[in-house]
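Take a look at the structure set out below.
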Amino acid sequence: MKERVLTELDRIQREFDVRVLLAVESGSRAWGFASPDSDYDVRFVYAHRPDWYLSVFEQRDVIEEMLPGDLDVSGWELRKTLRLFSKCNLALNEWLGSPIVYSEVTKFRSELASLIPSYFNPIAAIHHYRSMAETALRDNFVDGHIRIKKLFYVLRPLLACRWIERTQTQPPTEFGRLTSQDWVTKEEKDWIADTLKMKVTAAEAERIPLESSRSESITAELERYKSAADFVQMSPRSKVLDLDALLRKWISKILFERPNL
């Protein structure tokens, strides 16, 4: 699949006359709990030639393609990426932490990822992840059962909230790092491990029982996170205000390194 992804990215570069700066896997495969029938969700950041940025009118700043073989490919233009980054876009932050990297221009990911602490908003992040978990639980927990895929769409953001509460930092992309922390009890770790073994061999639509005591505990914890502002302190941060310089640097850099895109 990596070979096919690289072939498609090369085609996109030629077809759209852009340079891909970073391409990673996102979703369940990056999180570490893919099912046998999970899609491949490739996300990338790209830049245009310098003249593209001198247009009077705004132009399309995304590239999206759903390809055969469950291959979902979607990219954001660099300026759009940096705008979203400045607003603590958590999906983008997770891309930067993905353990599955298909392609990257040297130092682009590390340079942008190093700026996450300057823009990370722990209160907004807790509310984002809490909302994700609540929605997944509300829409999929019926008659004491839940789709096994959706259970992990509850657990991952729930544990992300715990991470933020205790560290006030961006949670890791990998689910395994979220579950390995001291604030996850041994009983929870054992239950999650057993459920994960089921998921890696089960179809995504398979439903499993969820005990009422556990669903009630999850609901109560999510309810507590609604008051994140009461227990998460916004540390004074000296924001890095040179994203314009970063934009110019990478547009110039890719042109210099590869004049014929």
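Please tell me if Thr173 is surrounded by fewer than 18 Cβ atoms within 10 Å (Cβ to Cβ), among the polar types (S, T, N, Q), in contact (Cβ under 8 Å) with a residue 40 or more places away in the chain and not assigned by TED's automatic domain parsing to the domain that holds Asn89.
No; evaluated as a whole, the condition is false for this residue.
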Any chance Val73 is buried (at least 16 other Cβ atoms within 10 Å of the Cβ), more than 13 Å from the chain's Cα centre (by Cα), farther than 21 Å from Asp244 by Cβ and not assigned by TED's automatic domain parsing to the domain that holds Ala203:
yes
Spot the failing condition for Leu159; the list is (1) touching a residue at least 40 places away in the same chain (Cβ under 8 Å); (2) out of contact with any Phe, Trp or Tyr (no Cβ under 7 Å at 6 or more places or on another chain); (3) surrounded by 18 or more Cβ atoms within 10 Å (Cβ to Cβ), and only one is missed.
(1)
Any chance you could count how many residues in the range 27-74 are more than 18 Å from Lys199 (Cβ to Cβ) and touching a residue at least 24 places away in the same chain (Cβ under 8 Å)?
18
Report every pair of residues separated by at least 6 positions or lying on different chains whose Cβ atoms are under 7 Å apart, first residue within the range 230-250 and modelled with pLDDT under 70, second in a loop (DSSP other than H, G, I, E, B).
Ser235/Gln168; Val240/Leu115
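The values are calculated or read from the model by the stated rules, or taken from the named source; none is laboratory data. Just so it is clear, the model here is predicted, and its values are computed rather than measured. Neighbour counts are summed over all protein chains in view; Cβ atoms, including those assigned to glycine, are modelled from backbone coordinates with ideal geometry.
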